[in-house]
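Undergrad: Input: one structure, supplied below.
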């Protein structure tokens, strides 16, 4: 799994340099999603290999198709994992987790629900929303509108009640802040 982590780190280092000018995505998002996913896999008894690989690769499709990066990433992950010698059943399970991580598709497996949840939690437990605001190349009003949508979507992606309770106060604070009703 370490080789996949290094591969992903390098891919995002390159895209950060090209699109943003500063390294941030692996440090503030991918690595956090991975750590949270591994904790949740332990807590809920999920397949740690599948969760670990899926959390590392869940956003790999951003470099192919930012709008449908869940689908692009699912296909790309199979190629990456085949290159590193992972068996087909693992590649398919990881792809299912990645395809479902944006919640356009209902996560069917425990592992997919964990990846979805870890992805969402990472956005509430780090400065992700603020960094995204800073690096997004759009008018502030457009970014605020996008963040209002994103905060709700991410909260909906939390499939476990303990974890939902853990970030509820942050979610509600962000909602108030973005609505201007503080």
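Undergrad: Right, residue 14: over 22 Å from residue 136 (Cβ atoms), part of a helix (DSSP H, G or I) and free of Cβ contacts under 8 Å to residues at least 40 places away in the same chain or not?
TA: So residue 14 does not fit the description; no.
Undergrad: Criterion first (in contact (Cβ under 8 Å) with a residue 24 or more places away in the chain, under 16 Å from the mean Cα position of the chain (by Cα) and either part of a helix (DSSP H, G or I) or crowded, with 17+ Cβ neighbours inside 10 Å (or both)) does residue 76 satisfy it?
TA: no
Undergrad: Can you tell me how many residues in region 135-151 are in a loop (DSSP other than H, G, I, E, B) and surrounded by 13 or more Cβ atoms within 10 Å (Cβ to Cβ)?
TA: Total satisfying the criteria: 1.
Undergrad: Name the residues in region 37-52 that are in a helix (DSSP H, G or I) and farther than 18 Å from residue 81 by Cβ, would you?
TA: If the condition is that a residue be in a helix (DSSP H, G or I) and farther than 18 Å from residue 81 by Cβ, then 39, 40, 42, 43, 44 are the ones that fit.
Undergrad: Somewhere in region 65-72, is a residue modelled with pLDDT of 95 or more, over 21 Å from residue 40 (Cβ atoms) and assigned to a helix (DSSP H, G or I)?
TA: Checked region 65-72: at least one residue is modelled with pLDDT of 95 or more, over 21 Å from residue 40 (Cβ atoms) and assigned to a helix (DSSP H, G or I).
Undergrad: In region 152-166, is there at least one residue being in contact with a helix residue (DSSP H, G or I) (Cβ under 6 Å, 6 or more places away or on another chain), at pLDDT below 95 and in a helix (DSSP H, G or I)?
TA: The answer is no, given that none of the residues of region 152-166 is in contact with a helix residue (DSSP H, G or I) (Cβ under 6 Å, 6 or more places away or on another chain), at pLDDT below 95 and in a helix (DSSP H, G or I).
Undergrad: Here is a follow-up. When region 172-182 is examined, which residues are found to be farther than 16 Å from residue 143 by Cβ and either touching a helix residue (DSSP H, G or I) at 6+ places or on another chain (Cβ under 6 Å) or outside any helix (DSSP H, G or I) (or both)?
TA: Once the filter is applied, which keeps residues that are farther than 16 Å from residue 143 by Cβ and either touching a helix residue (DSSP H, G or I) at 6+ places or on another chain (Cβ under 6 Å) or outside any helix (DSSP H, G or I) (or both), region 172-182 yields 181, 182.
Undergrad: Please state which of the following conditions residue 169 fails to meet, knowing it meets all the rest: (1) at pLDDT 90 or above; (2) in contact with a helix residue (DSSP H, G or I) (Cβ under 8 Å, 6 or more places away or on another chain).
TA: (2)
Undergrad: Residues in region 58-65: is at least one over 26 Å from residue 151 (Cα atoms) and either within 12 Å of the chain's Cα centre (by Cα) or in contact (Cβ under 8 Å) with a residue 40 or more places away in the chain (or both)?
TA: No; the residues of region 58-65 include none that is over 26 Å from residue 151 (Cα atoms) and either within 12 Å of the chain's Cα centre (by Cα) or in contact (Cβ under 8 Å) with a residue 40 or more places away in the chain (or both).
Residues are listed down the side, and each one gets a yes or a no for (1) buried (at least 21 other Cβ atoms within 10 Å of the Cβ); (2) assigned to a helix (DSSP H, G or I):
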residue	(1), (2)
54	yes, yes
89	no, yes
92	no, yes
103	no, no
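Undergrad: Looking at (1) out of contact with any helix residue (DSSP H, G or I) (no Cβ under 6 Å at 6 or more places or on another chain); (2) modelled with pLDDT of 95 or more, which one does residue 17 not meet, given that it meets all the others?
TA: That leaves (2) as the condition not met.
Undergrad: Assess whether residue 156 counts as being free of Cβ contacts under 8 Å to residues at least 40 places away in the same chain and exposed (fewer than 14 other Cβ atoms within 10 Å of the Cβ).
TA: Spelling it out, it is not the case that residue 156 is free of Cβ contacts under 8 Å to residues at least 40 places away in the same chain and exposed (fewer than 14 other Cβ atoms within 10 Å of the Cβ).
Undergrad: Turning to a different aspect of this structure: Kindly indicate which of 176, 83 is farther than 29 Å from residue 42 by Cβ, exposed (fewer than 14 other Cβ atoms within 10 Å of the Cβ), without any contact (Cβ under 8 Å) to a residue 12 or more places away in the chain and more than 19 Å from the chain's Cα centre (by Cα).
TA: Unique residue meeting the criteria: 176.
The values are calculated or read from the model by the stated rules, or taken from the named source; none is laboratory data. Only a predicted model underlies this, so the values are computations on that prediction, with no experimental measurement involved. All Cβ positions, even for glycine, are placed from backbone atoms using ideal geometry, and neighbour counts span all protein chains on display.
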